[in-house]
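First the structure, in the form of structure tokens, and then the observations on it.
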Amino acid sequence: MPAAKIAPSMLSSDFANLASEAQRMLTFGADWLHMDIMIKIDLQDGHFVPNLTIGAPVIESLRKHTKAYLDCHLMVTNPLDYVEVFGKAGASGFTFHVEVSKGRNIMFTPLILNELGLDFRSLMVRETPADNWQELVKQIKSKGMRPGVALKPGTPIEEVYPLLDGENPVEMVLVMTVEPGFGGQKFMPDMMDKVRTLREKYPKLDIELLNDISHLPSPNSYAVTSTPFSHCAKLMPMVFDWGLQVDGGLGPSTIEAAAAAGANCIVAGSSVFGAAEPAKKI
Ligand code: DX5
Ligand code: ZN
């Protein structure tokens, strides 16, 4: 298996200098740029995580400055609503959360509902039934992005199986190793069981994605902005041995455990951006 991809989480960057921060990371040897999307457009979103970060306009702006793989992690309750706009903005990967299918994410806080005199259990996010995953994944692919599915620490790994076994499988699983929402939290080693289980169950996940790569440019140069993104999407499965991403609390003291469990894409925010010499950390 080739070396793991390192994806610095731009959540820890200086957002006021995003383009130069991105360039800095790529120069230091980053493979991908991990973009944490936490948005609130209306009452149906913004509650998946208790934070707000960036949306499609920022991706669109950044895309004008870089050819890099923009690995977008969407912590939103209604991912389907964002597929088109992120595709247009130039996102490379579109990773959504599996929990959004279960109505576990409440649209309104219990406090607001109390004030409205409503029972919060009756007001859950609209359902994304299992058979709609297919549609979501299809749409993501049709916009030239790579579909991925993320799961929170409390979500059993079995919940992503239908997304890997179906007709339109996702191409990456993101195992959260902290509660999503903020950078700088402590890595949860227990999550490595999920990574191991997944790697054991899907040993060929990457192999199936690999093809003859001899005629392709090096992984760092595939995402040419003058090329339509759908074209990049066709190239990428052949270039990358990927599939299993970990996110949260990753750094020199935790990366070994993640890699040993079978992760091959490492997201790292505070450990990279907080380092005196980020290039060395990467
Ligand atoms: C948390 C985000 C992570 C986070 C990682 O919701 O998904 O990408 O920024 O940051 P560190 O590496 O600092 O835990
Ligand atoms: Zn993330």
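Reported count of residues in the range 233-257, each being of a type in the set (G, A, S), modelled with pLDDT under 95 and outside any loop (DSSP other than H, G, I, E, B), is 1. Can you find a residue that is in contact with a His (Cβ under 8 Å, 6 or more places away or on another chain) and part of a loop (DSSP other than H, G, I, E, B) anywhere in the range 57-73? The answer is no, given that none of the residues of the range 57-73 is in contact with a His (Cβ under 8 Å, 6 or more places away or on another chain) and part of a loop (DSSP other than H, G, I, E, B). Just one of the listed residues (D36, D81, D31, D14) is acidic (D, E), surrounded by 19 or more Cβ atoms within 10 Å (Cβ to Cβ) and farther than 16 Å from G248 by Cα, namely D31.
Take the conditions (1) touching a strand residue (DSSP E or B) at 6+ places or on another chain (Cβ under 9 Å); (2) over 22 Å from G144 (Cα atoms); (3) modelled with pLDDT under 95; I41 misses just one of them, which is (1). Annotation note: of S230, S214, S271, the sole residue that is part of a helix (DSSP H, G or I), farther than 26 Å from K152 by Cβ and either hydroxyl-bearing (S, T, Y) or modelled with pLDDT of 90 or more (or both) is S230. Contact annotation: residue pairs with Cβ atoms under 6 Å, 6 or more positions apart or on different chains, pairing a residue in the range 177-195 that is over 12 Å from N51 (Cβ atoms) and among the aromatic types (F, W, Y) with a partner that is at pLDDT 95 or above and outside any helix (DSSP H, G or I), are F187/T177; F187/G249; F187/T254. Of the residues making up the range 127-178, not one is touching a strand residue (DSSP E or B) at 6+ places or on another chain (Cβ under 6 Å) and among the aromatic types (F, W, Y).
The values are calculated or read from the model by the stated rules, or taken from the named source; none is laboratory data. Values in this document were obtained by computation on a predicted structure and should not be read as measured data. All Cβ positions, glycine included, derive from the backbone under ideal geometry; neighbour counts span all protein chains shown.
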